[in-house]
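Since the structure comes first, as structure tokens, the remarks are kept for the end.
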Amino acid sequence: MKRKEFIKLASTGALGISTLGYISCQSEKEIFFKLSLAQWSLNKQIVSGETSPYLFAEIAKDLGFTGLEYVNQLYYDVMQSEDKSSSIRSFISRSNQLASDNGMENVLIMIDSEGDLADENLDFRLKSIDNHKLWLDTAAEMGCSSVRVNLHGSKDQDKWKDLSMDSLYKLCDHSKEMNLNVIVENHGELSSNIPVLMDVINGVNMSNCGTLPDFGNFCVAVEGYGSIFTGECADVYDLYKGVEEMMPKAFAVSAKSNDFDIDGYEKTIDYKRMLQIVNGFGYSGYIGVEYEGSRLSEIDGIKATRDLLIKVGQSI
């Protein structure tokens with residue numbers, strides 16, 4: 001981190017005391033990545049109505065981030081609108097202005113609740129593809145580099161692979177002239193079975209088809225989505241092996257967190273090991289903070305994750 005970046009963070013109160021003490025001794029050491037905030041980290045206060053999703057850019061700036069990772073399902077004014085096209089035009093205009101006013105970069109949009117891209121019902125799957133294309137167009141108009149999609153649907157591995165490849169190809173073909181990447185997150189079930197997921201990504205074989213490795217989403221249990229943090233998942237893919245296998249096609253990285261020990265380290269995930277893997281692939285893009293814990297408040301959890309990334313990043 002450059003000195004001017006440190007001063008900016010310090011002036012906004014964005015750095016915790018322990019991290020301040022650490023950085024003050026190594027203020028010239030730059031981290032190899034940029035910091036973005038995943039809007040899902042604020043989902044509880046947005047869903048409850050405590051915070052408007054349109055305060056995202058301001059909150060992220062105040063916390064010392066430079067990039068924004070939007071979550072479409074948190075914008076009820078769009079998702080529940082009878083005239084979605086008009087509502088999304090307003091969303092684009094308003095979000096672009098807020099990002100500009102706060103000096104933030106629109107990094108990506110995480111697309112949820114728009115249908116399953118591996119649905120065995122052809123009509124449902126084609127409708128899902130069309131729904132996703134609307135958000136691809138939106139992301140392009142916002143200057144995002146990527147959109148994150150999920151690959152859910154069929155439980156049959158072979159069918160899931162074929163359907164996923166077909167849907168991804170159609171989306172990547174739609175966005176190839178937009179300078180926009182379509183990236184898949186490991187998000188439970190077959191999508192967290194990384195060799196199978198990478199068969200899909202490599203099978204599509206398009207330059208704008210890639211991955212979003214999430215440090216924590218490696219539950220491959222067939223039924224439902226279980227958390228690696230609580231021990232409720234019966235089948236967990238190796239976290240570090242999974243990230244390493246996804247990194248060759250990564251256009252973004254998600255730093256999932258749940259809880260921290262007294263020294264500020266994530267209790268379940270070895271962040272130094274993770275960042276060494278990410279750095280080993282020459283990655284220098286955004287790493288998004290995605291706090292999902294409950295012991296700390298959302299803001300405190302975001303700060304703890306951010307501080308840990310900075311501390312560990314400076315040690316590499």
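The values are calculated or read from the model by the stated rules, or taken from the named source; none is laboratory data. Keep in mind the model is a prediction, meaning the values are calculated, not measured. Using ideal geometry, Cβ is built from the backbone for each residue, glycine included, and neighbour counts are taken over all protein chains shown. Only protein heavy atoms, including side chains, enter the accessible area calculation; ligands, DNA and RNA are left aside. Shrake-Rupley method; radii C 1.70, N 1.55, O 1.52, S 1.80 Å.
Please specify each residue of segment 114-140 satisfying the condition of being among the acidic types (Asp, Glu), over 19 Å from the mean Cα position of the chain (by Cα) and either assigned to a loop (DSSP other than H, G, I, E, B) or surrounded by 16 or more Cβ atoms within 10 Å (Cβ to Cβ) (or both).
Within segment 114-140, Asp119, Glu120 qualify.
Consider Leu151 against the criteria (1) assigned to a helix (DSSP H, G or I); (2) in contact (Cβ under 8 Å) with a residue 40 or more places away in the chain; (3) not acidic (Asp, Glu): it satisfies all of them except one. Which criterion is unmet?
Failing condition for Leu151: (1).
Given the conditions (1) over 20 Å from the mean Cα position of the chain (by Cα); (2) not in a loop (DSSP other than H, G, I, E, B), which single one is not true for Leu37?
Evaluating Leu37 over (1) over 20 Å from the mean Cα position of the chain (by Cα); (2) not in a loop (DSSP other than H, G, I, E, B) leaves (1) as the failure.
Yes/no per residue for (1) under 19 Å from Ser294 (Cα atoms); (2) open to solvent by less than 70 Å² (accessible area, probe 1.4 Å); (3) of a type in the set (Val, Ile, Thr); (4) not in a loop (DSSP other than H, G, I, E, B):
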| site | (1), (2), (3), (4) |
| --- | --- |
| Asn217 | yes, yes, no, no |
| Ser227 | yes, yes, no, no |
| Ala234 | no, no, no, no |
| Lys241 | no, no, no, yes |
| Glu245 | no, yes, no, yes |
| Pro248 | no, no, no, yes |
| Ser254 | yes, yes, no, yes |
| Asp263 | yes, no, no, no |
| Arg273 | no, no, no, yes |
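A quick yes/no check of all residues on (1) more than 13 Å from Leu136 (Cα to Cα); (2) in contact with a strand residue (DSSP E or B) (Cβ under 8 Å, 6 or more places away or on another chain); (3) of a type in the set (Gly, Ala, Ser):
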site: Val147; (1), (2), (3): no, yes, no
site: Ser154; (1), (2), (3): yes, yes, yes
site: Gln157; (1), (2), (3): yes, no, no
site: Met165; (1), (2), (3): yes, no, no
site: His187; (1), (2), (3): yes, yes, no
site: Ser192; (1), (2), (3): yes, yes, yes
site: Asp199; (1), (2), (3): yes, no, no
site: Asn208; (1), (2), (3): no, yes, no
site: Thr211; (1), (2), (3): yes, yes, no
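Check off (1) free of Cβ contacts under 8 Å to residues at least 40 places away in the same chain; (2) closer than 22 Å to Gln39 by Cβ; (3) part of a loop (DSSP other than H, G, I, E, B) for Ile269 and give me the number that stays unchecked.
(1)
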